[in-house]
Amino acid sequence: MENKDQQQQKKSRLISFSIKIILVLLLLSFGFVFFALWYMIRCEGDWQEQPLEEHGSINLAAIRDELIADVTYIQELGPRNSENQIAYEHLRKCEAWIIEKWESQGYTVGLHDVSVGGQQFYNIKIEIAGAVSPSEIVIISAQYDTEPDSPGANNNGSGMAVLFQLSKLLKNYHPGRTLRLIAFVNEQNPFAGTEMMGSYHYAKRSFELKEDIKVMLSMDALGIYRDSPGTQRLPFPFSLFYPDRGNFLAFIGNLPSRSWVKEVTAGFKKGSSFPLEAGVAPEWVEGVTWSDHSSFYKFGYRGMQITDTGAFRSASHGTREDTIEKINFVALSRIVVGMYSAVIELTSLKE
């Protein structure tokens, strides 16, 4: 039989253990609240509301038609990469088409040679010089190569088509900061995540030249939207906080880029009511480094990916099934207007 002292000690240990459990649960709860307040940058829009874009002067129908035409051309080229000679020829045709498109808009086009293994590859660039602080640079980009065997309508024909619309809208704009629009090559496999990416070469060159790149925006897979439950998946713990409906555009950055993610999304919302979700996370979280912005992280620059979340939303991402009929061009035209507004926000400086 236990005496009263032993019973009291057992009771005390039980109370102490219970208090520790409660404290651990409180700490976990605090951690989730901290995550929600710091990593998530809530800026949702209403999928069903009257679009803010319709109140402006930009012709959404004309933008939609041009987006369709550009993605159609890109898809019909077929796979664009170094996998085989045919795919490589498609890539070079796409390169020539990008140059022609920008020259037809009145821009001077620059080429950045990133040749690999005896094959020629080029990043393609246009620039609008800043009128107030030209040494400060904002980059907005999209890649023009594809995964092997993929026609790349959404990944990344959609990003390239939006880039062309932005350059068209910005032709007579006079930014405070210098604005560069770049079509990067070799973002996809087998180059993804390596020092052979076109964006890695460019970021390294910028670092060596001590260029003051304030922020880099990578537009990568922008066109797939679904409003039904279960159409969106995300890595843990984001899956606990973000919607399971794939009807939003995502802005994703690393931890040092948090203030820029907030600024870009605020600028977007001034021009568009398209639904957004945004957040930042450590670079080891799946998806945070899934595009050309990750090359700039390696040299200490700030950046983010702007995306429909790619493979987290669409099983066709990067496959033979990545075709134009899956793209929501009404949504994509609204995104053009929002991105135009965001670029104005990022590059405007008062004299």
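The table below gives the values:
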quantity	calculated
Close pairs from the stretch 270-286: first surrounded by 13 or more Cβ atoms within 10 Å (Cβ to Cβ) and of a type outside the set (Ser, Thr, Tyr), partner assigned to a strand (DSSP E or B) and modelled with pLDDT under 90, Cβ under 8 Å, at least 6 apart	Ala278/Met40; Ala278/Ile41; Gly279/Met40; Gly279/Ile41; Val280/Ile41
Given (1) assigned to a helix (DSSP H, G or I); (2) without any contact (Cβ under 8 Å) to a residue 40 or more places away in the chain; (3) in contact with a strand residue (DSSP E or B) (Cβ under 6 Å, 6 or more places away or on another chain), index of the condition Arg92 fails	(3)
Residue identified as of a type outside the set (A, V, I, L, M), under 23 Å from the mean Cα position of the chain (by Cα) and more than 20 Å from Val337 (Cα to Cα) among Pro175, Pro151, Pro134	Pro151
Listing of strands (runs of 3 or more DSSP E) fully contained in the stretch 145-264 that carry 3 or more residues being assigned by TED's automatic domain parsing to the domain that holds Trp290, closer than 30 Å to Thr108 by Cα and touching a residue at least 40 places away in the same chain (Cβ under 8 Å)	177-184, 212-219
Selection from the stretch 80-89 of residues that are assigned to a helix (DSSP H, G or I) and of a type outside the set (S, T, N, Q)	Ile86, Ala87, Tyr88, Glu89
Lone unmet requirement of (1) surrounded by 15 or more Cβ atoms within 10 Å (Cβ to Cβ); (2) in contact with a helix residue (DSSP H, G or I) (Cβ under 9 Å, 6 or more places away or on another chain); (3) aliphatic (A, V, I, L, M) for Leu240	(1)
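Residue-wise test of (1) touching a helix residue (DSSP H, G or I) at 6+ places or on another chain (Cβ under 7 Å); (2) β-branched (Val, Ile, Thr); (3) in contact (Cβ under 8 Å) with a residue 24 or more places away in the chain; (4) under 22 Å from Pro190 (Cα atoms).
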residue	(1), (2), (3), (4)
Ile98	no, yes, yes, no
Phe121	yes, no, yes, yes
Ile126	yes, yes, yes, no
Ile140	yes, yes, yes, no
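The values are calculated or read from the model by the stated rules, or taken from the named source; none is laboratory data. Because the structure is predicted, anything quoted here is derived from the model rather than measured. Reconstructed Cβ throughout: ideal geometry from the backbone, glycine too, with neighbour counts over all protein chains shown.
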